[in-house]
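These notes concern the structure reproduced below.
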Amino acid sequence: MTGDLRDGRIVIVGASLAGLRAAETLRDEGFTGSLTVVGDEPCPPYDRPPLSKQVLLGQAAADTTGLPMRRDPDADWLLGVRATGLDPLGKRVMLADGESLSYDRLLIATGTRARPWPNPEEAALDGVFTLRTRDDAAGLAERLAAGPQRVLVVGGGFTGSEIASACRERGLDVTVTERGPAPLVGALGGTLSKLAAVMQRNHGVDLRCGVTITALRGDGNGRFIGAELSDGSRIDADVCVAALGAIRNVEWLADSGLAAGPRGIACDAGCRAFNMYGIVTDDVFVAGDVSRFPHPLFGYQMLSLEHWGNAVAQAEVAAHNMVNPGPLRRPHLALPTFWSTQFGLNIKSVGVPTFSDHVVIAQGSLEARRLTMVYGYQGRVTAAVTVNMAKSLDYYTHLIETAASFPPPPGAADRAIAADIPIPSDVPDPKQLSHGPTVALTGYLPDRRLTVVQPTG
Amino acid sequence: MRIVVDLTRCQGYAQCVFLAPEVFQLHGEEGLLYAPAVADGQAERVREAAAACPVQAILVGEEVSAGDR
Amino acid sequence: MTADTLLARITDYANRPDPWALYAKLREAGPVVRQADGSYVVGTYHEIAALLHDPRMSVDPRIRGKATHKPPFLRLDDPEHHRLRTLAMRPFGPPHSPGRVDAMRGEIARITEELMEVFQPGRQVDVVDDFAYPLPVTVICRLLGVPREDEPLFREWSDALVASADVRPEEDSTERDRAGDQARIEMGRYLVDLAEQRRGHPSDDMLSAFVNEPDPALRLTAEELAETAVLLLIAGHETTVNLITNGVLTLLRHPEHLDQLRRDPDLLPRAVEELLRYEPPVHMRERIPLADIDVAGTTIPQGASVVLVLASGNRDPKRFQEPDRFDPTRPDNEHLGFGSGIHLCYGAPLARIEAQAALGALLPHLGTARLVQDPPPYRQNAMLRGPRHLPIQL
């Protein structure tokens, strides 16, 4: 059995970070069969985090972020070819060029794409961007280098905030609009979002919260010239970046029978995909941003993460499990971790900050711009976020992993005055934030029952 | 030669900045930025930086060649 | 023998040449081993790493009544540690002076070359006195702005200070502490005087940068300057000498790896990291819990002395495969040679560059060299462990 698993045909759909790391790990684990990696972008795997930082700052060209290999995975790379469908019974992946690939085991790592500005005509205006791919970054960096009068960033999440930070560092005027009460509120909750707002304003960002953009305006010749806001005001700008979050690349799986929806493809802790009935498959695996997986530390909630570290860790687990028999398979238990650098702050997070009811500042202070915020849920530590205090993150990682009680134990030398006074974490109700579907069952006969995803507004 | 830094692991010790200041730089007090494509003449310094990283977060290697298929 | 005398045995001078077997016993008895005097010793990698990152573990000796003056940043906790270390970093490293250490490579190479002149075929040299000691001393003098010819003066102070900071559980420390205090005061006065001479006349050295800082918010007080300068001068030469000497000793004990490095000098940076794991210059550090702390089932009470044996953690088989094997190609070498967490060695990059320059220059001469004495005579110090002399025959 083990011998069989180390041979055969493996196809990986998705040629970015997760796809590459999975391919390498398969070879590390002794896979000797044929390995094909399919990617819709024409270039080899590249790193995305620098696109909103070094590239927009003009310190690195967009086409220089190619990911180094840990080892040559000896794969066939089908780049610039989109996967269009999956036949799980016939074990084939259909491709946009009309070809198809047969597999013994499949890894889906198709990731996400930027959510476009919803009005296609406005989105097509010259000067309107999203930021996800290398080409996006190259185009935007070129516009920023040309010195626009004002940049409008729609959305104050991590990507939007990093874009705004880069603009300010380049001396460009920038307006950020955020429909919530403050930037980063959806990810970090109320207290840190207030710090984020202060940092943006201190750095000269024209920050508008609690508003939405109702229309992007063109000059009649297809050029973006400004926007109209829900509060009735107008902004003149010559570049607009829609930083509205991501859409999971699952459309190609619509007829596959897999549990693929707007929040990603559901899989078990071993990265095996569920089909739409909730039955786990044994030859289709999922890793990276496109996956949804249960995590025991967070009530077995299905987590959908868009984290660099998760893509790597999950790809490694998926690859291991693709070439090892059941008893040797591993669970993907890595703690969610992410980072952002913006407005002179290095923000790092471990755990799930939104899985919380209260927070305390355990070390440092908001005034010092150097602190550790600890998040608790029902009396245990579930997350920690450091601001310019990354060296303390290991300690809190251990508290989360051991389900330590919240608030964390006293004794830190630089303990904040209010370290034992938890305040509400003030994370938005996930129900309000999500654009999730509900599922309905149809049919009557046992072999005809279907689940149907019903998109909701 | 390409590099990628696992910033999930990075704790801002800045050893790489000391050893290869033209490739790595601090952004603020603790954030790390770097040039992903290593310029000629910096390879030796980058290897030193990768060896010295206290959390072994720097990966040095070659990217997938576009010709592979 | 019981485990509650392990620290005394580890620090016993008779065990200086080979503490490794005792470290293995320490790990077996651990992770946390209480000593008869109420102190605690930790020798396992993961527990040491966790304690080095634990914000409840203090480094401040005043907590145990061991000092009355405000110590340098090495022995201060955050936030004061962070403030002073950041100020001390301004003329030395990023973000303010990112290229400073890198720019010293040429000078370090020149100093190394000068010192190499004694390495003539047929001669016997003492690697410590002829090479590994003068190199870092010359470098730190240039960097700080201390006259090299004053070395006999500050060497005496440095010896007294390093002795007072050593871990010697079964010895009354009163006299050592008094001598150390005296040395600290005199050395601080000497360095502040040197700095004052440069006020208004800055030259390209760190003492000049400290006294000529234009922003009052970023200026060290005279007391802080004295403590910082004493720390940098001592740490700048008492540790790197061990790293270089341990490096020569290890390579001469492992001719196959010496050959490997001679064939492939690109391996040198990784070889230095492996040295920092295998024969680190600093063997232990003390911490003091600010609250009762549970570590792997043992509660360490608030205020206890906790000795973290970094060198033992570096040989922990639960972290490193074949930990007692010297392997310059070792992957995933997250050693504790420079510590970890907020107190990670301030001068680590300089030590690395010096060790690489020194060992790189010595490599061609070591092929036919042999150790005159193995083990060599060691320094008294258990914390900063290294040979006092290392005679080799070329």
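Read-outs: derived from the displayed coordinates by stated rules, not from any lab. Computed from a predicted structure; not experimentally measured. Virtual Cβ from ideal backbone geometry, glycine too; neighbours counted across all protein chains shown.
Placing unit charges on the Cβ atoms only, positive for Lys and Arg and negative for Asp and Glu, gives the range A:162-275 a dipole magnitude near 240 debye about its Cα centre. Give the Debye-formula value of log10 I(q)/I(0) at each listed q (0.09 Å⁻¹), with one equal scatterer per alpha carbon of chain C, two decimals each. Calculated log10 I(q)/I(0) at the listed q: -0.53. The lysine pair count for the protein assembly as shown, using Cα distances under 19 Å and pairs eight or more places apart or on different chains, is 4. Put in line by how crowded their Cβ is, counting other Cβ atoms within 10 Å and starting with the fewest, A:Met322, C:Met57 read C:Met57, A:Met322. Taking other residues whose beta carbon is less than 13 angstrom from the beta carbon of A:Pro410, and scoring Lys, Arg as +1 and Asp, Glu as -1, yields -2. Other protein chain C-beta atoms within 10 Å of residue C-beta, averaged over C:49-56: 6. Pairs of Cα atoms nearer than 8 Å and 6+ residues apart set the relative contact order; for chain A it is 13 percent.
Largest GNM mean-square fluctuation among C:Gly313, C:Gly360, C:Gly43, using chain C with Cα springs under 10 Å: C:Gly360.
Equivalent-ellipsoid semi-axes (√(5λ), Cα gyration tensor) for chain A, whole Å, largest first?
For chain A, the ellipsoid semi-axes come out as 36, 29, 22 Å.
Would you grab the residues whose amide H sits under 5 Å from the one on C:Ile293? Only those 5+ places off in sequence or on another chain, please, with H modelled 1.01 Å from N. Amide H neighbours of C:Ile293, under 5 Å, 5+ apart: C:Ile300, C:Gln302.
Would you be so kind as to identify which of C:Ala209, C:Pro317, C:Ser39 lies farthest towards the positive end of the dipole of the range C:3-393, taking Lys and Arg as +1 and Asp and Glu as -1 on Cβ and the Cα centre as origin? Of C:Ala209, C:Pro317, C:Ser39, it is C:Pro317.
Relative to the longest principal axis of the Cα atoms of chain B, the long axis of helix B:43-52 makes an angle of roughly 50 degrees. The Cα-based radius of gyration of the range C:106-196, divided by its Kirkwood radius, gives an Rg/Rh of 1.08. Farthest toward the positive end of the dipole of the range A:319-408, out of A:Gly344, A:Thr354, A:Tyr375, is the Cα of A:Gly344, where the dipole comes from beta carbon charges about the Cα centre.
Which is the longest part of chain A that has none of the GluC sites (Glu not before Pro) sitting in a DSSP loop with at most 15 other Cβ atoms within 10 Å?
Numbers: sites that count: A:Glu99, A:Glu367.
Of all site-free stretches, the longest is A:100-366.
Taking only the alpha carbons of the protein assembly as shown, we obtain Rg and Dmax values of 29.5, 96 Å in that order. As a ratio to 2.2 N^0.38 Å, the alpha-carbon radius of gyration for the range A:310-382 is 1.51. For chain B, the relative contact order works out to 44 percent when only alpha carbon pairs closer than 8 Å and six or more residues apart are counted.
Using the C-alpha atoms of chain B, what convex hull volume per residue, in cubic angstrom, is computed? Write down the numbers at each step before the final one.
Working: hull volume 6.3 nm³, N = 69.
Here the figure is 91 Å³ per residue.
Peptide A:405-413 shows a mean partner chain C-beta count of 5 within 10 Å per residue C-beta. Just to confirm the filter: which trypsin sites (Lys or Arg not before Pro) across the range C:284-345 are DSSP coil and have at most 14 other Cβ within 10 angstrom of their Cβ? Passing both the DSSP loop test and the Cβ count: C:Lys318, C:Arg325. Placing +1 on each Lys and Arg Cβ and -1 on each Asp and Glu Cβ, with no other charges, gives chain A a dipole about its Cα centre of roughly 800 debye. Legend: mean number of C-beta atoms from other chains within 10 angstrom of residue C-beta atoms, peptide B:52-61, equals 5. Averaging the sequence gap over all C-alpha pairs within less than 8 Å and six or more residues apart, then dividing by the number of residues, gives chain C a relative contact order of 25 percent.
Within the range C:118-168, none of the chymotrypsin sites (Phe, Trp or Tyr not before Pro) combine a DSSP coil assignment with at most 12 other C-beta atoms in a 10 angstrom radius. For the range A:280-358, chymotrypsin sites (Phe, Trp or Tyr not before Pro) meeting the loop criterion (DSSP other than H, G, I, E, B) and having at most 15 other Cβ atoms within 10 Å: A:Tyr300.
Which one of C:Tyr346, C:Pro71, A:Gly98 is farthest out on the positive end of the charge dipole of the protein assembly as shown, using unit charges on Cβ (Lys, Arg +1; Asp, Glu -1) and the Cα centre as origin? Selected residue: A:Gly98.
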